[in-house]
Amino acid sequence: MGGASVWPYKSTSRNRGLVLLALGVVKVATAEQLRQLVLPGTADVQTVRNVCKDLRSVGLVESVGRTSFTGVSGRPVWRDLWNLTPAGLASAATELGRPVKEMGGTARDAAKAGAPHALAVTDTIDAFCQSPPQPTKPIARRTAPVVGVRT
């Protein structure tokens, strides 16, 4: 009937645009970081992975590196690092209204090396973007009676 979809992982144009813009700013990030930055209301990180896979299918992003951290079980957990291709950088520059010359590079070499600094910067940006904590109901403290000290 209609033929194959251009977007095999069924991502939306809104989500693709947001991820492309985020990578235009931070240059390299995990799917989890991208979710926190631009799609925090998304329940599943697979949505962002699918966006990245769709953008990869048209040559705008790539995953050339991985990072790891120690999981709850004590074993390493590996995460793909996503970065822009030159075509993705040009597309992000257009969307951000900036000349490509001012956008910097694609961070390909940083992604290959695991990008620890770039990931820390992205985590910091995310921390500033988080909504302020809601106040909680204070818990009454029990104070023990003060006993006089004899000398």
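We did not get these values from a lab; they are worked out from the coordinates using the rules stated. Please read these numbers as outputs of a predicted model, since none were measured by experiment. All Cβ positions, glycine included, derive from the backbone under ideal geometry; neighbour counts span all protein chains shown.
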| message | Using the Cα centre of region 6-63 as the reference point, and only Cβ charges (+1 on K/R, -1 on D/E), how large is the resulting charge dipole? Debye, rounded to the nearest 20. | response | 100 debye
| field | Estimated distance in nm for a label pair at ALA87 and THR124, the labels positioned 7 Å out from Cα along Cα-to-Cβ | value | 3.4 nm
| Simple Cβ-charge dipole of region 38-112, Lys/Arg +1 and Asp/Glu -1, about Cα centre, in debye nearest 20 | 240 debye
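Listed highest first by mean packing, meaning other Cβ atoms within 10 Å per residue, what order do 23-29, 111-117, 101-107, 82-88 come in? Can you show the working numbers first?
Working: 23-29: 24.3, 111-117: 16.4, 101-107: 14.4, 82-88: 21.6.
Order by mean packing, descending: 23-29, 82-88, 111-117, 101-107.
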| How high is the FRET efficiency from VAL72 to LYS112, r the C-beta distance, R0 35 Å, rounded to 0.05? | 0.80
| field | Cut-off 11 Å between beta-carbons: net charge of the residues surrounding VAL28, Lys and Arg +1, Asp and Glu -1 | value | 0
| field | Long-range HN-HN contacts of GLY114 with modeled amide H, under 5 Å | value | ARG66
| query | In straight Cα distance, which aspartates and glutamates are under 12 Å from LYS53, not counting same-chain residues fewer than 8 positions off? | reply | GLU62, ASP80
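Among residues other than ASN50 whose Cβ falls under 12 Å from its Cβ, what is the net charge (Lys/Arg +1, Asp/Glu -1)? Intermediate values should be presented prior to the final figure.
Numbers: positive: LYS10, ARG16, ARG35, ARG49, LYS53, ARG56; negative: ASP44, ASP54.
Overall, the nearby charge balance is +4.
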